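Accompanying notes for the structure given below.
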Amino acid sequence: MNKERREQLRQLEHDMKTHLGVVTMGLQALEGVREDAKEFSEMSQTIEEEGVKPLKRIVAEIVAIALNESE
């Protein structure tokens, strides 16, 4: 694996940990707003936008790197 790929993977690892933290903390925070439907909905949307969607993008990038490496 070349230096550029290793650096790209390191950055993706960092980004993944960041967005997993968003999801983890968001899920914990949802417990506290369970009774407030509006707040629950807003927080759920934030978790989706700032945690889940970026994680999906990161996983797709990792898969693309893996597929390129296998060629």
Has the range 1-24 got at least one residue that is free of Cβ contacts under 8 Å to residues at least 12 places away in the same chain and of a type in the set (A, V, I, L, M)?
no
Members of the range 22-37 found to be surrounded by fewer than 12 Cβ atoms within 10 Å (Cβ to Cβ) and part of a helix (DSSP H, G or I), listed by number
28, 31, 32, 37
Condition test on residue 67, is it touching a His at 6+ places or on another chain (Cβ under 7 Å) and either loosely packed, with under 11 Cβ neighbours inside 10 Å or hydrophobic (A, V, I, L, M, F, W, C) (or both)?
no
Tabulated pairs, the range 43-71, first part of a helix (DSSP H, G or I), second surrounded by fewer than 13 Cβ atoms within 10 Å (Cβ to Cβ), C-beta under 8 angstrom, 6+ apart or interchain:
65/5; 69/1; 69/5
Filter the range 51-64 for residues that are over 8 Å from the mean Cα position of the chain (by Cα) and hydrophobic (A, V, I, L, M, F, W, C); which is surrounded by the most Cβ atoms within 10 Å (Cβ to Cβ)?
62
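Condition check ((1) modelled with pLDDT of 95 or more; (2) among the aliphatic types (A, V, I, L, M)) across all residues:
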| residue | (1), (2) |
| --- | --- |
| 1 | no, yes |
| 5 | no, no |
| 14 | yes, no |
| 20 | yes, yes |
| 43 | yes, yes |
| 51 | yes, no |
| 68 | no, no |
| 71 | no, no |
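The values are calculated or read from the model by the stated rules, or taken from the named source; none is laboratory data. The shown structure was predicted, so the numbers you read here are calculated from the model rather than taken from an experiment. As a convention, Cβ positions derive from the backbone with ideal geometry for all residues, glycine included, and neighbour counts pool all protein chains shown.
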